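The values are calculated or read from the model by the stated rules, or taken from the named source; none is laboratory data. What you are looking at is a predicted structure, and each value in this text was computed from that prediction instead of being measured. No Cβ is skipped: glycine too gets one built from the backbone with ideal geometry, and neighbour counts run over all protein chains shown. Side chains included, ligands, DNA and RNA excluded: accessible areas come from the protein's heavy atoms. Shrake-Rupley method; radii C 1.70, N 1.55, O 1.52, S 1.80 Å.
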Amino acid sequence: MRGPHLLYGLYERRLVARLDRERVPRHVGVILDGNRRWAKAVGTPTSHGHRRGADKILDLLEWSEDAGVEVVTLWMLSTDNLAREAEEVTELLDIIATSVE
């Protein structure tokens with residue numbers, strides 16, 4: 001494990017240890033948004049942003065479980081997404097399908 005990743009893991013464990021287990025919500029809803037903007041900001045294709053966001057889903061679910069959250073609802077697609085170019089919609093649907101397998 002490289003330096004920044006090691007430090008992030010330590011920081012993550014410290015945060016989880018400080019959680020008040022009595023105040024952790026039972027259910028959390030997350031809207032997966034901003035991956036397209038992120039990809040544009042770093043000069044990569046939109047699909048790269050969608051894939052990077054999808055790659056974080058497992059981390060989110062593990063963090064939620066570690067924190068004691070029982071249910072996580074993910075909103076992965078909005079009707080606004082369906083109005084985009086057909087190629088982008090197809091890539092996004094493929095990424096979603098792969099992520100939930």
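Look at the stretch 75-101: where a residue is closer than 22 Å to Val28 by Cβ and part of a loop (DSSP other than H, G, I, E, B) and a partner is at pLDDT 90 or above and open to solvent by less than 100 Å² (accessible area, probe 1.4 Å), sitting 6+ places away or on another chain with Cβ atoms under 6 Å, you get Met76/Leu32; Met76/Ile96. If the condition is being under 11 Å from the mean Cα position of the chain (by Cα) and exposed (fewer than 14 other Cβ atoms within 10 Å of the Cβ), then the stretch 75-101 contributes only Trp75. For the stretch 22-38, taking the residues that are in a loop (DSSP other than H, G, I, E, B) and open to solvent by 70 Å² or more (accessible area, probe 1.4 Å), the one that is farthest from Met76 (Cα to Cα) is identified as Glu22. Say whether the condition of being farther than 30 Å from Leu93 by Cβ and out of contact with any Gly (no Cβ under 6 Å at 6 or more places or on another chain) is met by at least one residue in the stretch 40-55. Checking the stretch 40-55: not a single residue is farther than 30 Å from Leu93 by Cβ and out of contact with any Gly (no Cβ under 6 Å at 6 or more places or on another chain).
Residue count for the stretch 40-86, restricted to those that are among the β-branched types (Val, Ile, Thr) and under 24 Å from Val16 (Cβ atoms): 5. Restricted to the stretch 51-74, and to residues that are in a loop (DSSP other than H, G, I, E, B) and open to solvent by less than 50 Å² (accessible area, probe 1.4 Å), which residue is nearest to Leu15 (Cα to Cα)? Looking at residues that are in a loop (DSSP other than H, G, I, E, B) and open to solvent by less than 50 Å² (accessible area, probe 1.4 Å), I get Gly68.
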